[in-house]
Each structure stands twice: as C-alpha cells, then as structure tokens.
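The values are calculated or read from the model by the stated rules, or taken from the named source; none is laboratory data. Quick caveat: nothing in here was measured; it's all calculated off a predicted structure. Ideal geometry is used to build each Cβ from the backbone, glycine not excepted, and the neighbour counts take in all protein chains shown. These accessible areas exclude ligands, DNA and RNA; they are computed on the full protein's heavy atoms, side chains included. Shrake-Rupley method; radii C 1.70, N 1.55, O 1.52, S 1.80 Å.
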Amino acid sequence: MNVFNDKLNIIRKKEQKISFTSSSIIEESYQMILLLKDLLLELKTIVLTKGFKTEMEEIYFFKIVKPEVLGKLIYYNKVYRIETGCPVNNGKLFIKYFTKHLEQLKTSYKEYVCNSDFYKYYKSKRTDLDSKFFRLNQIDLHGGLNSIVFEIDEKFSTYYDYKVSRIISNDLLYEYLIQRMDSEEKPSIFQNQPVDGYNKDVFWTDSKNALVELIYALHASGAVSNGRVGISKMSMVFEIIFRVKLGDLHHSFHRMKDRSGSKTAFLDHLKANLEKYMDNGL
C-alpha cells in the first residue's frame, strides 16, 4: 500500500501550497487538474500491471485511494469551469452566480444522493459490504445501477469507487461555494476595522491550523449565534481579534481530515491542559 499512499501524499503536499486567492483560483485549479490526471493514469498502470497482493489492499485502493484522486480531479475541474465562467469578480451578480451553482448542487444531492442506500452505507463508515462494493468483477446489474456502469473500465473500477469519488467532490464543492460567497463580504469588513486600536498584547501564538480547528469546532457545535454564522464570517472575527491572516480555511480543514492520528489534535491539547489546570487547583 506504500506506493498508493505515496501518491496521496503528493496531492496533499501540492494542496498545501494552494492559496486560492481570487487572482490564483483558475491557475491553481488547472495545475491540480494536470497533477491529478497524471496520478490517475499512473495508478491505472500500476493496477493493470501488478494487480493487488491481498483483498484488503484491493478494497483499500477502491474505497480510499482512487476515490480521493478521482474525487479531487472532478472537484478541481468543476472549480475551474465555474471560475472561468464567472461573469464578474464581485457584487450582486457574483453572489447570484455562485448561489445558482450551490442550489444546483443541493438539488442534485437531494434527488440522487442522500436517500441512496450506498450513500448511507459509506457515510456511516460501515465495512461489512466492502467486498461487494470495492472489489473488481462484483457488479450486480440486478440492483438497477446508473447507466454509467456500462462505460467504466471493469479492470480499473468497481463502479462504487466512482460513487465515492462523486461524494468526495460534492462535499469539497459545497464548502468551496459557501466560502466564495462569504468571501465577498470580507474585504470591506477588514477595511473598516481600526485594527491598530486593539490591544497589541493580544495575538495568536499557536499555529494557524490550530485556530482553524477551533473555528470549525465552534461552528460545528453551534456555539456562536446557534451555528447561523458562516465559517468565513467567524474567521474574520478571529483574524481581526488576533491580527492574523488565516488564508484558505477550506483547504486547511480538509487537510485536517487527512491527518494521521487524531484529527482534533488542538482540541485534545486544550482539553488536556484545562484538566491539568483544574487538577492543580489554579
């Protein structure tokens, strides 16, 4: 599995360099398309020439590895198409354009995804049917599958790896569209804040990823305005308070999801230190 993990690490290292500022989105998404397209071809060559050593390796490849590569390829291609078709850089037409794409995504999700048995299986992180879904030559046409099943390469797809890829790409695209709409309000807020008037002794001393983790935790728990405030607006508040630029929260968050070990390292650190503080009677 090392060779497969090496390919995934290439993607993650490349994504760490992505800024996704308004002036770089198109070029950076295009570069990711080229990278992911080449990696997918490399993986196909490896699979067709060497096959899999074990059933576990085969399931891992079609459930984790290929869907991440293909899912992100689909995602970055959609970002590229959306951005190159955007008629303006800001204003009401800008918001309307991205709102339309968001509504299309939500409609597709409601009609074709959320009620499917496979979607529930995958999201619940079950593994009992992995041998059926993520091994070659297991496609059962009696299940009334989508017609795309007839177009796939049966030597390099189980059909369900494609479905996972679409789930991944849709999740990424949803976060991206929300962020792009929220970012429209960000510049004016920064311009109107008397940042120099804040206490200069108050500043963030941990990593930016730690602050991003905290922001997402507060948002997910509904601790701020009952969860009605978007991630981008929350980040603005923290950036102003602590005088720090967080950059692309969307990609930082998805890199956290790919962490080895605890995905909530900073929150774990906070909990441990608070308990220690309490135990010391301070």
**Item:** Residues (of a type outside the set (A, V, I, L, M, F, W, C) and either in contact with a Cys (Cβ under 7 Å, 6 or more places away or on another chain) or surrounded by 12 or more Cβ atoms within 10 Å (Cβ to Cβ) (or both)) located in region 20-31
**Value:** Ser22, Ser24, Glu28, Ser29, Tyr30, Gln31
**Request:** Kindly indicate which of Leu34, Leu48, Leu41 is of a type outside the set (D, E, K, R), surrounded by fewer than 17 Cβ atoms within 10 Å (Cβ to Cβ) and farther than 25 Å from His251 by Cα.
**Result:** Leu48
**Message:** Quick check on my filter: what residues within region 195-224 are outside any loop (DSSP other than H, G, I, E, B), modelled with pLDDT under 80 and of a type outside the set (Asp, Glu)?
**Reply:** Val195, Gly197
**Request:** Return only the number of the condition from (1) over 29 Å from Tyr119 (Cα atoms); (2) in contact (Cβ under 8 Å) with a residue 40 or more places away in the chain that Glu27 does not satisfy.
**Result:** (2)
**Asked** Quick one: what pairs do we get from region 86-110, first residue over 19 Å from Ser169 (Cβ atoms), second of a type in the set (Gly, Ala, Ser), C-beta under 9 Å, 6+ apart or different chains?
**Response** Asn89/Ser22; Asn90/Ser22; Tyr97/Gly85
**Item:** Candidates Ser23, Ser29 - the one that is assigned to a helix (DSSP H, G or I), over 19 Å from Tyr162 (Cβ atoms) and of a type in the set (Ser, Thr, Tyr)
**Value:** Ser29
**Asked** Counting just the residues of region 254-282 that are part of a helix (DSSP H, G or I) and among the small types (Gly, Ala, Ser), which one comes out surrounded by the most Cβ atoms within 10 Å (Cβ to Cβ)?
**Response** Ala265
**Considering residues of region 76-98 that are open to solvent by 50 Å² or more (accessible area, probe 1.4 Å) and among the hydroxyl-bearing types (Ser, Thr, Tyr) only, the residue farthest from Ser29 (Cα to Cα)** = Thr84
**Request:** Examine region 228-235 for a residue that is open to solvent by 30 Å² or more (accessible area, probe 1.4 Å), aliphatic (A, V, I, L, M) and at pLDDT below 80, and state whether such a residue exists.
**Result:** yes
